[in-house]
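The values are calculated or read from the model by the stated rules, or taken from the named source; none is laboratory data. All figures in this text were calculated on a predicted structure; none of them were measured in a lab. All Cβ positions, even for glycine, are placed from backbone atoms using ideal geometry, and neighbour counts span all protein chains on display. For accessibility, only protein heavy atoms count, side chains too; no ligands or nucleic acids. Shrake-Rupley method; radii C 1.70, N 1.55, O 1.52, S 1.80 Å.
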Amino acid sequence: MRHVIEPTDMSVDEIDQLIAIAEDIERGPNDYANRCEGRILASLFYEPSTRTRLSFESAMISLGGSVIGFSSADTSSAAKGESVADTIRAISCYADICAIRHSKEGAALVAAAYSRIPVINAGDGGHEHPTQTYTDLLTIHSVKKSLCGLTVGLCGDLKFGRTVHSLIKALSLYRDNEFVLVSPDELQVPEYITGILKDRGCLFERTSDLESCISRLDILYMTRVQRERFFNEADYVRLKDSYILNMSKLAKAKDSLAVLHPLPRVNEIAVEVDNDPRAKYFSQVQYGKYIRMALIMKLLEDRNGGGAC
Ligand code: NCD
């Protein structure tokens, strides 16, 4: 049985297949309307979410399946002190596949260890968020028609931003990508991530100055400062507006730049940018549904040893 805890739990070939299927879904969603009939997705969200939870649920419903779950820890037995391990044992009796989001790093891995159904990590603390990465890759592919040879700027909270960690891990598997890591000193990407870039021989640089590098970028991946992961509010307040992308900064960028953001946005992209053709963060939301449809089908098909899920 397959679980997806980090983006590299799928090989590059498999990620490419997911992207191809998601693009086919985009062309003709009705062809997929019954693919998961009779199957149940459990959506276990211990942490707040809008897009990830609802896109998983919408994806399963659009495949003809059904959804059960909870949208906060308070309404689950976690509030009574139940462990993730015990909860997933129960959920395995009710559902065919599950997506789990939790504030603790490693929670999805623990769930997978005790689960009898495929587990998809929908975000574990400041660690990983693989399905956001597949969404990001699909978005980049739709704009650039390739996932290779790109100069990718990642800007904001690179320390706690799990989407950044997962995206770097996956995109560094593709040929000739260069990474420009833009953050305040305190919010630099963790060393295990730069270690991966070094091991894979990828070019990367760190800077705190977005304006000095924006003209070179093919992709600019903006992120919010992750307030909920800070130890004190004063540090958050000091760092929260480190980067605000506005039209005057964007004026220095290529016409072909694609601006992505996993959302939610707080202040880091001025609303005036939304109507610029380079702003791709709202189409990214739509791609999140298609890629999750492709992933749910794949995991259920693999479990069945191929064939319809
Ligand atoms: C991200 C997350 O939860 O990590 N949101 C999302 O899933 N689209 C990014 C964030 O919360 O900043």
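Each residue in segment 43-63 was checked for being open to solvent by 40 Å² or more (accessible area, probe 1.4 Å) and not in a helix (DSSP H, G or I), and 2 of them qualify.
Yes/no matrix, rows are residues, columns are (1) within 16 Å of the ligand (Cβ to nearest atom); (2) assigned by TED's automatic domain parsing to the domain that holds ALA59:
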position	(1), (2)
ASN232	no, no
LYS240	yes, no
ILE269	yes, no
ARG292	yes, yes
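Assessment of segment 280-291 against the conditions (of a type in the set (A, V, I, L, M, F, W, C) and loosely packed, with under 15 Cβ neighbours inside 10 Å) yields at least one matching residue. Among the candidates ALA258, ALA279, ALA253, the residue that is more than 13 Å from GLY156 (Cβ to Cβ), out of contact with any strand residue (DSSP E or B) (no Cβ under 6 Å at 6 or more places or on another chain) and not assigned by TED's automatic domain parsing to the domain that holds SER103 is uniquely ALA253. Consider only pairs whose beta carbons are under 9 Å apart and that are at least six residues apart or on different chains; among these, list those whose first residue lies in segment 126-151 and is in the same structural domain as ARG216 (by TED's automatic domain parsing) and modelled with pLDDT under 95 and whose second residue is buried (at least 24 other Cβ atoms within 10 Å of the Cβ) and part of a helix (DSSP H, G or I). Going by the 9 Å Cβ cut-off, there are no qualifying pairs. LEU203 meets the conditions (1) without any contact (Cβ under 8 Å) to a residue 24 or more places away in the chain; (2) within 22 Å of LEU173 (Cα to Cα); (3) exposed (fewer than 14 other Cβ atoms within 10 Å of the Cβ) in every case but one. The failed one is (1).
Restricted to segment 65-156, the set of helices (runs of 4 or more DSSP H) holding at least 1 residues that are under 18 Å from LYS298 (Cβ atoms) and open to solvent by less than 20 Å² (accessible area, probe 1.4 Å) comprises 107-114, 130-144.
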